[in-house]
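Structure first, commentary second.
The values are calculated or read from the model by the stated rules, or taken from the named source; none is laboratory data. Here the structure is a predicted model, which is why all the values come from computation and not from measurement. FYI the Cβ positions are ideal-geometry reconstructions off the backbone, even for glycines, and counts take in every protein chain you see.
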Amino acid sequence: MDEFKFYRLSGKASFVGVLMGLLFSTLVAIPCSFVYAYAVRYIPIIYVNFLISFGYVFVAALIYKIGEKMGHNRNRMISFVGTVVACTFCLYLAWAAFVAVLSKELNIFWVLIQNPQVLWECIHRLVQSGWFSIGSSKETVSGIFYAVLLVIEALCYFWIFIAIGMLEAEAIYCERCSKWLDSKLLPGSIDIALENDMLRTRDMATMDWLPRLTLVDPFPDNATYIQLHSTACDNCNDLYMLTAKKLQVSKNKEGNLETKESMLFQNLLINKKDTEELLRRLAEAEVNRQKAAEQKLAAEQKLAAEAAAKTPTPPADKA
Ligand SMILES: [Zn+2]
């Protein structure tokens, strides 16, 4: 496979991006950590508490990513380090706010922020004494069991933060125009018969299926089909990419439709000419699909009319 025929991030690191991510997520985490702390303190359902705390980290991670992208970081390794540091900050802020809310002394938040050792001692004491119980049990959760819960929660924090906040491998950036690009879905459901051709595209970076492009009605007959996504830089008109995904629609046990997605090829670099040809072929295929659908409908109506004519009509009652 020719690596140069598929888009890859340049890997250029921007420490400004990481710093912006850290700044943004920390600024958002300070007020959010209090919302989190009050909710956890006064909602007596532990499962809800976990959801709230994951919501807190989710928001912080999202904001981190926005900041990092605004700062144009294209290096995933640096992004990984940035998300780990930002998540540590968030965890720290959450604990400081929680201890402050629990002790009903909000001012100590700022003291704890500046004294990690004091915060650590508070957490240590809290784990030993505990402050809540689970379900109908009157016993307070404390000691090793509580510590294990907290470690699991912290690991979940990091997992969520990295999954949401870290720069995705499939992100696309135009180096010439210094901007991030979004991909858009191209209209039309492509016949799954082209699946193997598209897999060949992944290996050979060729698009020999273009003249055979056929569209289908995705429902109800063709529950498996292919969708194309394109990404282009409208600014320089110098960067075009194509991605193909296979979609399998099926009914689950509850009778709801479920869609499974798999990648056939991703971010194939194409030129403007190929892009235009692809759009032309897609439009052509859509016209053909509509024609075929109309012909099918007409044939069905004709058959139904013939069948109706053959059925003898019951004799009318004599008056
Ligand atoms: Zn550009």
Closer than 25 Å to ILE66 by Cβ and at pLDDT 90 or above - does that describe any residue in segment 139-154?
yes
Could you run through segment 174-183 and say how many residues are more than 11 Å from the ligand (Cβ to nearest atom) and of a type outside the set (Asp, Glu)?
1
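Each row is one residue, and each column tells you yes or no for (1) in contact with a helix residue (DSSP H, G or I) (Cβ under 9 Å, 6 or more places away or on another chain); (2) away from the ligand (no atom under 16 Å from the Cβ).
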{"position": "ASN196", "(1), (2)": "no, yes"}
{"position": "ASP208", "(1), (2)": "yes, yes"}
{"position": "TYR225", "(1), (2)": "yes, yes"}
{"position": "CYS236", "(1), (2)": "no, no"}
{"position": "GLU254", "(1), (2)": "no, yes"}
{"position": "GLU276", "(1), (2)": "no, yes"}
{"position": "GLU286", "(1), (2)": "no, yes"}
Between PHE219, PHE161, which is aromatic (Phe, Trp, Tyr), part of a loop (DSSP other than H, G, I, E, B) and either modelled with pLDDT of 90 or more or more than 17 Å from the chain's Cα centre (by Cα) (or both)?
PHE219
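Kindly establish whether LEU215 is away from the ligand (no atom under 16 Å from the Cβ) and surrounded by 13 or more Cβ atoms within 10 Å (Cβ to Cβ). Full working, then the answer.
Values: away from the ligand (no atom under 16 Å from the Cβ): yes; surrounded by 13 or more Cβ atoms within 10 Å (Cβ to Cβ): yes.
So LEU215 fits the description; yes.
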Name the single residue, out of those in segment 223-237 being small (Gly, Ala, Ser) and outside any loop (DSSP other than H, G, I, E, B), that is surrounded by the most Cβ atoms within 10 Å (Cβ to Cβ).
ALA232
Can we say LEU51 is loosely packed, with under 15 Cβ neighbours inside 10 Å and of a type outside the set (Gly, Ala, Ser)?
yes
Tell me the residue from LEU186, LEU242 that is modelled with pLDDT of 90 or more, surrounded by fewer than 17 Cβ atoms within 10 Å (Cβ to Cβ) and either within 16 Å of the ligand (Cβ to nearest atom) or under 23 Å from the mean Cα position of the chain (by Cα) (or both), please.
LEU186
Does segment 34-43 include one or more residues that are touching a helix residue (DSSP H, G or I) at 6+ places or on another chain (Cβ under 9 Å) and not in a helix (DSSP H, G or I)?
yes
Residue count, segment 85-122 (criterion: surrounded by fewer than 17 Cβ atoms within 10 Å (Cβ to Cβ) and over 22 Å from PHE24 (Cβ atoms))
13
